[in-house]
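Worksheet: one structure, shown below.
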Amino acid sequence: MEIRDENFRIWTESDCVYFDGVLRLAGPDAYAPIYSLALTALHENRGRVIFDLTGLEFLNSSGINLLAKLTIEARKQSETQFVIKGTSQYPWQSKSLPNLKKLYPQLDLQLA
């Protein structure tokens with residue numbers, strides 16, 4: 001499954017959801033298709049699911065809220081290992097992603 005725009009691309013491969021580009025959508029309703037895609041990946045990959053954000057240059061506050069909601073959903077599935085891969089290349093990731101561990105301490109956050 002894939003969601004594509006001129007500024008971003010989100011797609012799934014096996015147990016991984018890839019986020020690439022710049023996400024500046026206008027509020028939670030605009031993020032609904034992305035939420036649906038990611039939630040489907042969480043429910044279908046019971047053993048482990050990876051969100052790879054290493055290609056995501058920018059994410060606005062509504063997008064960060066989306067990640068928080070997905071982290072809470074992952075927490076509800078205690079049998080699923082939830083991994084978020086990020087990069088310190090983009091300052092927003094070093095600043096915002098560690099806060100997700102406050103919502104779900106078992107989150108495997110990998111910042112390279």
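Observations on the model:
One line per residue, one yes/no per condition, for (1) more than 13 Å from the chain's Cα centre (by Cα); (2) of a type in the set (D, E, K, R):
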site	(1), (2)
Arg46	yes, yes
Gly55	no, no
Leu66	no, no
Lys69	no, yes
Ser78	yes, no
Phe82	no, no
Leu100	no, no
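- For Leu66: the one exception among (1) within 19 Å of Glu2 (Cα to Cα); (2) modelled with pLDDT under 95: (2)
- Within region 52-81, being within 13 Å of Asn99 (Cβ to Cβ) and of a type outside the set (A, V, I, L, M, F, W, C) holds for Ser61, Asn65, Thr71.
- Just one residue in the set Gln89, Gln110, Gln93 is under 23 Å from Ala30 (Cα atoms), polar (S, T, N, Q) and out of contact with any helix residue (DSSP H, G or I) (no Cβ under 9 Å at 6 or more places or on another chain); that residue is Gln93.
The values are calculated or read from the model by the stated rules, or taken from the named source; none is laboratory data. Worth saying up front: this structure is predicted, and the values here are computed from it rather than measured. Backbone-built Cβ (ideal geometry, glycine too); neighbour counts: all protein chains shown.
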